[in-house]
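Single-structure report; data block below.
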Amino acid sequence: MSKATLSFKEPDAVRQLFGDRNRNLGIIEAAMEVRIGLRGTETTISGAEADVEITARALTQLYEIISSGQPVYPNDIPFALKIVSRSPGADLKEIFSDKILVTCDRGIIAPKSLAQKVYIDAIRNHDIVFGIGPAGTGKTWLAVAMASAALNSGGIKRIILARPAVEAGERLGFLPGDMAQKVNPYLRPLHDALYAMLGQEKTAEMIEAETIEIAPLAFMRGRTLNNAFVILDEAQNTTREQMKMFLTRLGFNSRAVITGDITQIDLPNPGHSGLIHAAKILKDIKGLEFCHFTEADVVRHPLVQKVIIAYDKSGRRKN
């Protein structure tokens, strides 16, 4: 057992740090398996040495963030602990203060992990970025946020979101409606992200004005996309030919983000995935960046991370 004592100066910042009725305190104790005692502004942490050190670093940095005037929410606590445990030298203030976009309901979209921060910086500094990793790591969500921010600032004139319409165990032919209606379910996650960020009414207006375009990947063929932020989602389900077609659509003053999860390939032959092929042959091209996420970067419900790990283990046993 180990013990550490932290002395904070500002009582109001300490109250915000541990939350209403010490809600955040309970989150920290459960996540790190430590005990935290409070006496005024003095905080005592006891537990295994490594857990105490991580908790102390995280609390110190979170206190500094609050003291600077930036709020810390209960949902931020698990992410902060995860970042500090994986990257002892990480600067939480730099990560959490990187506000990408203010949503229609005044929410703030910011990185929730060191990997997300690296990903965001890569999108800022490169014209083509690949985000590869499991579900729930924020690949598409952050790409749409960056695209929306670029549109708001006037850096680009339109957003184009594309997905390959590949069945995940279903068949398009059995779905009702014409082709546009058949592929719409595949594009729904992109609509949902825009609704959450811009609002449903504004999104509909921008789609009507063709400032935002959401379409199956096949609709990109033969086009040159200028002054655009182009996102290809679910790229693991592209063929090599489709990936080449998409990457060669990029025109002047445009950038592209390609996202995918190579553990969820729905192609008849997974080895023909355009995303896997691109990661092999394009990795050394300057101006193009690959960002990789793992199950440790999942920012959805805590059980999602455990589900991903369980499936990964099952897959390795079969192989």
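Here the range 263-291 is the region considered, the condition is being modelled with pLDDT of 95 or more and open to solvent by 70 Å² or more (accessible area, probe 1.4 Å), and the residue that is nearest to V307 (Cα to Cα) is K280. Can you find a residue in the range 48-58 that is more than 13 Å from F8 (Cβ to Cβ), assigned to a loop (DSSP other than H, G, I, E, B) and open to solvent by 30 Å² or more (accessible area, probe 1.4 Å)? For the range 48-58, residues more than 13 Å from F8 (Cβ to Cβ), assigned to a loop (DSSP other than H, G, I, E, B) and open to solvent by 30 Å² or more (accessible area, probe 1.4 Å): present. Of everything listed in (1) out of contact with any strand residue (DSSP E or B) (no Cβ under 7 Å at 6 or more places or on another chain); (2) surrounded by fewer than 22 Cβ atoms within 10 Å (Cβ to Cβ), the single unmet condition for S113 is (2).
So which residues in the range 8-44 are assigned to a strand (DSSP E or B) and open to solvent by 90 Å² or more (accessible area, probe 1.4 Å), if there are any at all? Within the range 8-44, R35, R39 meet the criteria.
The residues in the range 242-256 that are part of a helix (DSSP H, G or I) and either within 23 Å of the chain's Cα centre (by Cα) or buried (at least 17 other Cβ atoms within 10 Å of the Cβ) (or both) can be counted, and the count is 5. Going through (1) touching a residue at least 12 places away in the same chain (Cβ under 8 Å); (2) within 26 Å of I123 (Cα to Cα) one by one, T41 falls short only on (2).
Quick grid of which residues meet (1) farther than 20 Å from A256 by Cα; (2) in contact with a helix residue (DSSP H, G or I) (Cβ under 8 Å, 6 or more places away or on another chain):
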residue	(1), (2)
A50	yes, no
T60	yes, no
I66	yes, yes
V72	yes, yes
A90	yes, yes
I95	yes, yes
P111	no, yes
K117	no, yes
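Of everything in the range 69-105 that is among the hydroxyl-bearing types (S, T, Y) and modelled with pLDDT of 90 or more, the residue that is farthest from the chain's Cα centre (by Cα) is S85. Considering the conditions (1) open to solvent by 20 Å² or more (accessible area, probe 1.4 Å); (2) in contact with a helix residue (DSSP H, G or I) (Cβ under 9 Å, 6 or more places away or on another chain); (3) closer than 29 Å to K286 by Cβ, D105 is excluded by exactly one of them, (3).
Restricting attention to the range 129-149, does a residue exist that is open to solvent by 30 Å² or more (accessible area, probe 1.4 Å) and over 17 Å from the mean Cα position of the chain (by Cα)? No, because not a single residue in the range 129-149 is open to solvent by 30 Å² or more (accessible area, probe 1.4 Å) and over 17 Å from the mean Cα position of the chain (by Cα). Of all residue pairs spaced 6 or more apart or on separate chains, those with beta-carbon atoms under 7 Å, a first member in the range 292-312 that is outside any strand (DSSP E or B) and modelled with pLDDT under 80 and a second member that is among the polar types (S, T, N, Q) and surrounded by 15 or more Cβ atoms within 10 Å (Cβ to Cβ) are V299/S113; V299/T137. Of all the listed residues (T259, T203, T263), the sole one being of a type outside the set (K, R), assigned to a loop (DSSP other than H, G, I, E, B) and either touching a Leu at 6+ places or on another chain (Cβ under 7 Å) or in contact (Cβ under 8 Å) with a residue 40 or more places away in the chain (or both) is T263. For the range 82-102, residues that are under 19 Å from A13 (Cα atoms) and open to solvent by less than 10 Å² (accessible area, probe 1.4 Å) total 1.
The values are calculated or read from the model by the stated rules, or taken from the named source; none is laboratory data. The structure presented is a predicted model; accordingly, all values stated were derived computationally and were not measured. Note that each Cβ is placed from the backbone with ideal geometry, even for glycine, and that neighbours are counted across all protein chains shown. Calculation scope for accessible area: heavy atoms of the full protein, side chains included, ligands and nucleic acids excluded. Shrake-Rupley method; radii C 1.70, N 1.55, O 1.52, S 1.80 Å.
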